Amino acid sequence: NPSYVQTTATFSIQTRNASNGVMDEGEATGASITAGALNSLTVTPADTTLETVTDYLFQFTPAHTIPLNGYVRIIFDSDYDLSGAYCEDTTYSVFSKGSNYILLKALAEKSQTQSLQLRGIGNPSYVKTTNPFTIVTKNTDQQDIDTGDIDGITTTAGLLTGVSVTGSLTQAGVLTNYRIDFTTIHEIADRKSTRLNSSHTDISRMPSSA
């Protein structure tokens, strides 16, 4: 089969007699060539905390060789920030980046298991399970060779520090105020769009009905 994903040209068929003269002829629609399947795909983030800029290790084994000057495209959930992303592996270079993908150029032929360490990846800004990651290998003309998906990861919340709850009165059933104090890792926008890194809240508890 051809070496990349495509719909082939039309097949032409002829029958001929013993003197090689054409008797019948016809055409058949071209074949649809599909991508090979990448194997042993994994992704390992160094830190899953939301909004953290961190490293992601992608590993996979190609079914077909990635040629010299071929490409690897890694597609992310659109909530990632890839603006500062770069590749640790010197046998790849970042060819281009978009809002949800990184396109790496192979500076050597690749046929064995690949371990791509991407740095400077900005995690999504809230707790979620991301969409699956997709990896596609390509030839020198950026035509698809192999593809595969990896399950998304779940980002985790930051840890509040300095958390305390103080009540002005502790007697059961009385009306009182509580002060809640905490310090955040991530900034909280108030109604005027300013930023806060610590907060306290006063709440009142009404006595329960008899």
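What to note about this one:
- Unique residue being open to solvent by less than 80 Å² (accessible area, probe 1.4 Å), at pLDDT 95 or above, under 15 Å from residue 38 (Cα atoms) and not small (Gly, Ala, Ser) when the list is 104, 116, 82: 116
- Residues (loosely packed, with under 10 Cβ neighbours inside 10 Å and modelled with pLDDT under 85) located in region 24-39: 24, 32
- Within region 42-73, being charged (D, E, K, R) and under 25 Å from residue 139 (Cβ atoms) holds for one residue alone: 73.
- Among residues of region 121-144, those that are over 20 Å from residue 85 (Cα atoms) and either modelled with pLDDT of 95 or more or part of a loop (DSSP other than H, G, I, E, B) (or both), counted: 9
- Hey, residue 121 touching a His at 6+ places or on another chain (Cβ under 6 Å), at negative phi, surrounded by 14 or more Cβ atoms within 10 Å (Cβ to Cβ) and not charged (D, E, K, R) or not: no
- Residue under evaluation residue 23, criteria (1) more than 25 Å from residue 140 (Cα to Cα); (2) in a loop (DSSP other than H, G, I, E, B), criterion not met: (2)
- Of all residues in region 1-59, those satisfying the criterion of being among the small types (Gly, Ala, Ser) and within 17 Å of the chain's Cα centre (by Cα) are 40, 46.
- Among residues of region 40-55, those that are within 20 Å of residue 112 (Cβ to Cβ) and open to solvent by less than 60 Å² (accessible area, probe 1.4 Å), counted: 3
- Selection within region 45-54 - touching an Asp or Glu at 6+ places or on another chain (Cβ under 9 Å) and modelled with pLDDT of 95 or more: 45, 46, 47, 53, 54
The values are calculated or read from the model by the stated rules, or taken from the named source; none is laboratory data. No experiment lies behind these values; they were computed from the predicted model shown. Neighbour counts are summed over all protein chains in view; Cβ atoms, including those assigned to glycine, are modelled from backbone coordinates with ideal geometry. Only protein heavy atoms, including side chains, enter the accessible area calculation; ligands, DNA and RNA are left aside. Shrake-Rupley method; radii C 1.70, N 1.55, O 1.52, S 1.80 Å.
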